[in-house]
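The values are calculated or read from the model by the stated rules, or taken from the named source; none is laboratory data. All values reported here derive from a predicted model rather than from experimental measurement. Cβ: placed from backbone, ideal geometry, glycine included. Neighbour counts: every protein chain shown. The protein model used for the area step is the full one, side chains on, heavy atoms only, and it has no ligands, DNA or RNA in it. Shrake-Rupley method; radii C 1.70, N 1.55, O 1.52, S 1.80 Å.
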Amino acid sequence: MSNTQKGLLVLIVGPSGSGKGTVVSALKKRHPDYVFPVSATTRDPRPSEVDGQVYRFISKENFEQGIDAGDFLEWAEVHKNNYYGTPKQPILDALDAGKVVVREVDIQGFLSIRQVILREELVSIFLLVKDLNELKSRILRRGKMSDEEMARRMVSAEKEIAEAYKCNYRVESPQGQIPRIVEEVEGIIEKSRRV
């Protein structure tokens, strides 16, 4: 009997402002053995973002070529006019090597990925925020945003929260409790690797 652990793709799911990025950053610091693939997007980088760290910022034309070539595990057009996607090959290679792969995705991404990745290689964790007012205040702390964009994000968040039950786990994500949230996520990952 082999003692090699199986590869596992862990999807951290939730609406914008739910804490996905913060949880993933904490996991990166605590688990250098995990694989954190870089997403691709056509949106402009925020001032603090560096190309190739969390996102590869590419042109719409290049992204569309990747879609046509089947290079993405999932992709979506999000918040009106930008593409976001998960390059496929780095994730498949890491799973084949028995690694834990952690990805931050919205509900659309999760629903697409679960059609491609074997159920025993996938665990999804939805981060729940107390209410939409809390979510709105978190988003506003990131920077200014038009009323139209905020309204769009709130509609999107409501739809995502309504589908949270489709994920394997739901974890409460209260403001200021990242260590507790990360520990809960780590426990789910370890339990899922043993199954």
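Brief remarks follow.
- Remark: pairs (first residue in the stretch 117-143, within 19 Å of ILE12 (Cβ to Cβ) and hydroxyl-bearing (Ser, Thr, Tyr); second residue part of a helix (DSSP H, G or I) and open to solvent by 30 Å² or more (accessible area, probe 1.4 Å); Cβ separation under 9 Å; 6+ apart in sequence or on different chains) = SER124/LYS166.
- Residue satisfying condition, being farther than 22 Å from LYS166 by Cβ, among the polar types (S, T, N, Q) and open to solvent by less than 70 Å² (accessible area, probe 1.4 Å), within set SER25, SER18: SER25
- Looking only at the stretch 125-147, and only at residues there that are hydrophobic (A, V, I, L, M, F, W, C) and assigned to a helix (DSSP H, G or I), the one that is surrounded by the fewest Cβ atoms within 10 Å (Cβ to Cβ): LEU140
- Selection status of GLN175, surrounded by fewer than 17 Cβ atoms within 10 Å (Cβ to Cβ), within 29 Å of ASP33 (Cα to Cα) and modelled with pLDDT under 90: yes
- For the stretch 146-167, the criterion of being in contact with a strand residue (DSSP E or B) (Cβ under 6 Å, 6 or more places away or on another chain) and within 14 Å of VAL10 (Cα to Cα) is met by at least one residue.
- The set of residues from the stretch 64-116 being more than 15 Å from the chain's Cα centre (by Cα), under 21 Å from ASP33 (Cβ atoms) and crowded, with 16+ Cβ neighbours inside 10 Å comprises LEU92, ALA94, LEU95, LYS99.
- Failed item in (1) closer than 23 Å to ALA162 by Cα; (2) of a type in the set (Ser, Thr, Tyr); (3) assigned to a loop (DSSP other than H, G, I, E, B), with SER112 passing the rest: (3)
- Test: residue in the stretch 38-53 that is open to solvent by 60 Å² or more (accessible area, probe 1.4 Å), assigned to a helix (DSSP H, G or I) and out of contact with any Ser or Thr (no Cβ under 6 Å at 6 or more places or on another chain): no
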